[in-house]
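Below is one structure, written out as structure tokens; comments come after it.
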Amino acid sequence: MTAAHPADSRIYGHLWTTPEASALFTDEGRTQAWLDILAALAQAQADTGLVPRAAADAISAHADVAEVDLGLVAEQTRATGHSTLGLIRALRESLPEHAREWVYFGATVQDLSDTWFALVFKTLGDIAERDVTRMRDRALDLAGEHRGTPMCGRTHGQPGLPITFGFKAAVWAAELDRHLARLRQGRGRWERAQLGGALGTMEFWGERAPDLLDAFAARLGLAAPDVPWLTARDGVAEFIWLLAAISATVGKIGNEVYQLQRPEIGELREGFTPGTVGSITMPHKRNPEISEHLVTLSRVVRAQAGLALEGMVCEHERDGRAWKAEWLVVPEAGMYFAACVDAGARMLDGLCVDTERMLRNIDAHRGYLLSEPVLRALTDHLGKHTAHDVVYAAAMNGIDRGQDFRAALRGDSRLAAISDAEMDGLLDVRASLGSCAAFADRVRRGCAGPGE
């Protein structure tokens with residue numbers, strides 16, 4: 001069958017997912033995970049005396065997607081209208097007769113699918129830990145390497161004051177590091193097994209239920225919840241929100257690189273791979289392929305967060321409208337997220353910094369970027385607000401007349417209080433970078449850094 005979703009496309013799939021993430025959500029990948037969960041359930045039930053050990057061992061031995069007829073699973077799922085009965089019937093056919101009645105013993109759909117979510121979150125969390133750490137560490141390297149590299153700082157899309165590129169990279173690194181902290185702090189909240197039975201009370205398993213829950217979670221390497229979470233979808237929503245928040249940061253960095261590699265700015269550029277074609281009609285073009293796509297991926301991940309929050313509004317003790325929507329949200333968010341952080345790490349790894357262009361761009365503003373140091377110095381003579389009015393008037397007049405900033409300042413007698421020697425110091429870019437280098441160093445000390 002031809003792929004209908006871009007992530008499944010042999011032609012375009014690399015834009016929307018990674019093989020690692022896709023493997024979680026294919027029929028084969030999902031079904032194998034569900035079989036692993038059923039095997040763990042059977043073994044935990046044997047541990048607690050609910051299922052014969054021989055039956056549990058047989059279920060574990062046959063919990064292999066290669067032994068299951070996925071065509072039969074699909075046919076029975078459609079025929080019964082039940083989400084997992086097709087799988088149970090197909091699995092039972094592969095089992096010896098003595099084990100067939102012990103499959104899925106007392107469990108429900110959400111026990112299986114929600115526990116699968118928890119395992120997916122664990123794997124996606126590992127992907128996030130790896131790739132976000134890689135991005136953060138590269139940003140830390142840039143912060144250290146360029147702690148004193150002057151560039152034009154911009155506010156509202158317009159030139160403001162000089163900063164350093166290391167300062168900008170430190171802001172990226174600190175934000176990524178906070179996401180890593182959020183991930184580590186939250187994993188115990190969403191990497192939780194689900195085992196509740198019909199309504200979450202575990203009534204089917206009697207007095208052995210609490211021990212079964214603990215044994216089941218332990219076998220899967222998950223936390224055991226204090227209470228089943230059939231209608232408590234906050235863990236799912238929180239995890240998807242975190243993916244969206246991380247993607248927003250990656251999208252922000254991508255957008256910054258996208259803007260700063262415009263030829264008229266030219267301060268950053270992505271690494272170029274020979275053979276990459278920017279335009280079929282304009283052969284000279286090198287498009288910002290990665291940074292542009294990061295913004296796209298960030299948008300589609302963030303779009304899933306709202307739908308995940310909608311799932312928190314549930315009715316009574318089970319509400320399929322909530323958690324079945326998550327069957328779409330989790331794969332979509334997971335695949336797009338994996339593609340986003342993978343591309344973000346590759347972009348930063350290959351990022352080229354043009355320090356000479358950064359200086360030329362500062363010089364092109366003819367000293368006006370240093371209005372704040374002049375304002376600060378004049379404040380000692382006139383007071384802050386009067387000094388602002390004076391420097392403002394001189395700057396506006398100078399810009400209108402096409403003068404550089406020094407000439408504009410010297411054209412106003414009220415600035416005579418600042419000597420030529422002092423003016424030289426105030427208009428020295430490297431003397432007007434504030435605490436940029438100190439902040440870059442502070443972030444590098446505060447983050448765990450490479451080799452964590």
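Some observations on this one:
- All of (1) closer than 25 Å to Gln45 by Cα; (2) more than 22 Å from the chain's Cα centre (by Cα) hold for Leu161 with one exception: (1).
- Residue match in segment 240-262 (condition: crowded, with 17+ Cβ neighbours inside 10 Å, without any contact (Cβ under 8 Å) to a residue 12 or more places away in the chain, outside the structural domain of Gln45 (by TED's automatic domain parsing) and under 30 Å from Asp441 (Cα atoms)): yes
- Test: residue in segment 383-396 that is hydroxyl-bearing (Ser, Thr, Tyr), touching a residue at least 24 places away in the same chain (Cβ under 8 Å), assigned to a helix (DSSP H, G or I) and farther than 30 Å from Ser22 by Cβ: no
- Residues within segment 39-76 that are modelled with pLDDT of 95 or more and among the β-branched types (Val, Ile, Thr), tallied: 4
- Members of segment 245-304 that are of a type in the set (Asp, Glu) and in a loop (DSSP other than H, G, I, E, B): Glu264, Glu267, Glu270
- Residue pairs meeting the criteria (Cβ under 7 Å; at least 6 apart or on separate chains; first free of Cβ contacts under 8 Å to residues at least 40 places away in the same chain, in segment 74-103; second exposed (fewer than 14 other Cβ atoms within 10 Å of the Cβ) and in a helix (DSSP H, G or I)): Gly86/Thr80
- Taken over segment 266-307, the criterion of being crowded, with 20+ Cβ neighbours inside 10 Å and either free of Cβ contacts under 8 Å to residues at least 24 places away in the same chain or acidic (Asp, Glu) (or both) is satisfied by Glu267, Glu270.
- Number of the condition not met by Gly106 [criteria: (1) within 30 Å of Glu317 (Cα to Cα); (2) in a helix (DSSP H, G or I)]: (2)
- Taken over segment 424-444, the criterion of being in a loop (DSSP other than H, G, I, E, B) and of a type in the set (A, V, I, L, M, F, W, C) is satisfied by Leu427, Leu433.
- Among (1) within 29 Å of Gly144 (Cβ to Cβ); (2) modelled with pLDDT of 95 or more; (3) in contact with a helix residue (DSSP H, G or I) (Cβ under 6 Å, 6 or more places away or on another chain), the one test that Ala333 misses: (1)
- Residues within segment 1-26 that are free of Cβ contacts under 8 Å to residues at least 24 places away in the same chain and outside any helix (DSSP H, G or I), tallied: 10
- Evaluating Gly402 against the criteria (1) closer than 30 Å to Ile253 by Cβ; (2) surrounded by fewer than 18 Cβ atoms within 10 Å (Cβ to Cβ) leaves one unmet condition, (1).
The values are calculated or read from the model by the stated rules, or taken from the named source; none is laboratory data. Computed from a predicted model, the values in this text were never measured in an experiment. Here the Cβ is made from the backbone with ideal geometry for all residues, glycine too, and neighbour counts use every protein chain on show.
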